[in-house]
Amino acid sequence: MSELGLPKRLLHWYTVFVAASVLVLICSGGLVTSHGAGMAVPDWPNSFGYNMFLFPLSRWVGDVFFEHTHRLIASGVGLLTVALCLLTLRVEDRGWVKWLSVVAVVAVIIQGVLGGLRVTEHNAVLGLFHGCLAQGFFCLIATIALVTSRFWYRIETVARQREVRALRFWTITVTGMLFIQLALGASMRHSHTGLSIPDFPTAYGKAFPPLDAASIARINEMRATAQAAPPLTPGLIMLQYIHRGWAVLIVVGLVTVATAILRNRQIPGLVRTAAGFWISLVVAQFLIGAWTIWSNKAADIATSHVFVGALTFMTGVLLSVVFSGMLSSTRREVSATLRKEVARA
């Protein structure tokens with residue numbers, strides 16, 4: 001990054017640090033949901049009437065520990081994001097990057113309010129939006145880290161633009177599929193029906209889960225006896241079944257697109273390496289998803305599923321941004337060439 005001054009190098013690495021802190025926050029939220037600790041601290045922004053930052057350490061026990069530490073990490077991420085915005089406004093020359101940092105501050109404020117309202121309003125739907133926004137916020141910070149990096153400044157033009165446009169289209173498509181999958185997973189977590197189908201790869205021992213009234217009644221009776229779990233409906237069972245089927249489509253689509261990126265030699269080596277990493281992530285995510293079911297939704301395994309899912313989605317977003325940057329670089333060079341030709345004429 002020799003062509004960049006020290007302030008811009010510091011901005012880039014600080015943004016990488018903020019992105020890592022957001023990933024820690026997402027994992028913390030995953031632990032809260034996996035442990036069913038979302039309502040362990042019933043008030044907000046206080047904690048059992050105490051100022052959040054003065055809550056006695058002696059009471060950080062059980063589920064309260066997971067929920068309270070999640071709030072503290074979230075507060076820290078909020079402050080880091082505000083500092084990132086101020087640093088970007090001070091250091092950056094590009095207006096659109098400055099706007100990205102402003103959007104990040106707005107997003108982290110909305111995220112905090114959604115998390116608080118989830119507690120005070122006892123509304124699981126708000127928890128769903130809270131989880132989805134967290135993934136988008138993580139990708140936004142990661143994007144700022146990308147566009148402030150040396151790699152971004154060195155993106156070169158490509159000879160075969162049509163191929164890059166096709167790769168960008170399919171990368172964005174798969175990334176959109178990943179976001180839908182994250183939303184489906186968040187829906188299951190916040191409705192506490194992650195084990196609505198308790199076996200894998202079968203569904204209650206069959207290729208398709210039973211949805212008739214008698215079968216649902218038997219399933220709910222067994223759940224109430226064995227797990228004291230909330231009752232299921234055919235819709236909740238189908239939610240997980242769709243989640244599984246969608247996962248298979250994602251694996252096929254992602255591997256196909258990433259393989260095409262790997263085979264295209266005009267794509268920078270670092271991007272092709274990221275494509276290989278993307279394949280590794282989606283395979284790991286699929287296996288961890290199965291392990292989550294086999295482990296009876298053990299909290300650490302379920303949280304690992306959230307962690308790898310966030311990285312998989314983020315990688316897709318960054319690859320999409322890189323391809324857009326390559327095409328923008330091409331357009332800039334074409335425009336410059338045209339200007340020179342007009343000047344000579």
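The mean of 1/r over all pairs of different alpha-carbon atoms in the chain, once inverted, gives a Kirkwood hydrodynamic radius of 22.2 Å. For the set ASP63, ASP300, the ranking by accessible area, highest first and with no ligand, DNA or RNA atoms included, is ASP300, ASP63 under a 1.4 Å probe.
According to the square roots a ≥ b ≥ c of the eigenvalues of the Cα gyration tensor, what is the shape class of the stretch 135-225, taking rounded for a/c under 1.5, prolate for a/b larger than b/c otherwise, and oblate for the remainder? It comes out prolate by the Cα gyration axes.
Ordered from highest to lowest accessible area with the whole protein assembly present and a 1.4 Å probe, TRP294, TRP44 read as TRP294, TRP44.
Within the shell of other residues whose beta carbon sits under 11 angstrom from the beta carbon of TRP44, the net charge comes to -1, with Lys and Arg scored +1 and Asp and Glu -1. In the stretch 1-96, Cα pairs under 8 Å separated by at least six residues give a relative contact order of 38 percent.
Ranking ALA207, SER280, GLN266 by Cα position along the charge dipole of the stretch 137-295, where only Lys, Arg, Asp and Glu carry charges on their C-beta atoms, puts GLN266 farthest toward the positive end. Accessible area per residue (1.4 Å probe, heavy atoms of protein chains only) ranks HIS122, HIS35, HIS130 as HIS122, HIS35, HIS130, with the largest value leading.
For the stretch 1-109, the percent of C-alpha pairs falling in each 10 Å distance bin, counted from 0 to the bin holding the largest distance, reads 14, 36, 26, 17, 7, 0. Rolled with a 1.4 Å probe across the full set of protein chains, the surface gives ARG218 an accessible area near 130 Å². Across the accessible surface of the chain, with the other protein chains kept in place and a 1.4 Å probe, carbon and sulfur atoms take up 69 percent.
In this structure, THR69 and ALA166 have a Cβ-Cβ separation that, at R0 = 45 Å, corresponds to a calculated FRET efficiency of about 0.50.
Helices that extend 27 Å or more along their long axis by alpha-carbon positions and average at least 1.0 on the Kyte-Doolittle scale are, among the DSSP H runs of the chain, 6-34, 62-91, 95-120, 124-147, 234-263, 269-294. Within the assembled protein chains, the solvent-accessible surface assigned to MET52 is about 20 Å², based on a 1.4 Å probe. Per residue, the stretch 243-337 exposes an accessible area of 43 Å² to a 1.4 Å probe, with every protein chain left in place. If the segment from ALA226 to LEU6 were pulled out straight at 0.36 nm per residue, it would be longer than the present Cα-Cα gap by 73.2 nm.
The values are calculated or read from the model by the stated rules, or taken from the named source; none is laboratory data. Owing to the predicted nature of the structure, the values given are computational and were not obtained by experimental measurement. Reconstructed Cβ throughout: ideal geometry from the backbone, glycine too, with neighbour counts over all protein chains shown. Surface accessibility is based on the protein's heavy atoms, side chains included, excluding ligands, DNA and RNA. Shrake-Rupley method; radii C 1.70, N 1.55, O 1.52, S 1.80 Å.
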